[in-house]
Amino acid sequence: MADFNAKRRRATIVAQLISLGERLTDKAITMFNKLIGRLFARANMRRKQKYADTRQETTKALRLFRDTLRALVIANDTGWNAIDVLDDKIGWHRLLEAKPEVEAMVQDADPDPLLLAGFCCSFEAFPA
């Protein structure tokens, strides 16, 4: 660069700065895309894990629902009191015990992925 005059040196430095700015911008955009992708991937994995964990609870609730329907059909077919049949076949206490679990399942049925991403992420150093 010593062979260049002052204007040419400045122009070379400015060209290098512009090139560096473009590369930094590209790297920043790439880093942002990786971060967003990682956030959504974590949220999706957390959602899948949550549903896998609740599958057993869901099966238990569905079996109780099936048994309840069967008891109500028996009550309807025989003309017996439905509450008495439920109490005999299932037990009223089982229905009352299942109520909070079923309400929790319905409440958490479809969470917003963006909210999940916000709860599960932490900002870490970005790999190169």
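The values are calculated or read from the model by the stated rules, or taken from the named source; none is laboratory data. Computed from a predicted structure; not experimentally measured. No Cβ is skipped: glycine too gets one built from the backbone with ideal geometry, and neighbour counts run over all protein chains shown.
For segment 67-95, give me each residue that is of a type in the set (A, V, I, L, M, F, W, C) and either within 15 Å of Glu57 (Cα to Cα) or over 35 Å from the mean Cα position of the chain (by Cα) (or both).
The answer is Ala71, Leu72, Val73, Ile74, Ala75, Trp80, Ala82, Ile83, Val85, Leu86, Leu95.
Considering segment 40-57 alone, what residues qualify as being in contact (Cβ under 8 Å) with a residue 60 or more places away in the chain and basic (Lys, Arg)?
If the condition is that a residue be in contact (Cβ under 8 Å) with a residue 60 or more places away in the chain and basic (Lys, Arg), then Arg42, Arg46, Arg47 are the ones that fit.
Hey, can you tell me all the residues within segment 1-39 that are among the small types (Gly, Ala, Ser) and outside any helix (DSSP H, G or I)?
Ala2
Ala11: surrounded by 11 or more Cβ atoms within 10 Å (Cβ to Cβ), out of contact with any His (no Cβ under 7 Å at 6 or more places or on another chain) and modelled with pLDDT under 85, yes or no?
Against the criterion (surrounded by 11 or more Cβ atoms within 10 Å (Cβ to Cβ), out of contact with any His (no Cβ under 7 Å at 6 or more places or on another chain) and modelled with pLDDT under 85), Ala11 does not qualify.
Has segment 44-61 got at least one residue that is among the hydrophobic types (A, V, I, L, M, F, W, C) and over 22 Å from Val102 (Cα atoms)?
Within segment 44-61, one or more residues are among the hydrophobic types (A, V, I, L, M, F, W, C) and over 22 Å from Val102 (Cα atoms).
In segment 28-73, which residues are among the polar types (S, T, N, Q), within 25 Å of Lys89 (Cα to Cα), modelled with pLDDT under 90 and surrounded by 13 or more Cβ atoms within 10 Å (Cβ to Cβ)?
Thr58
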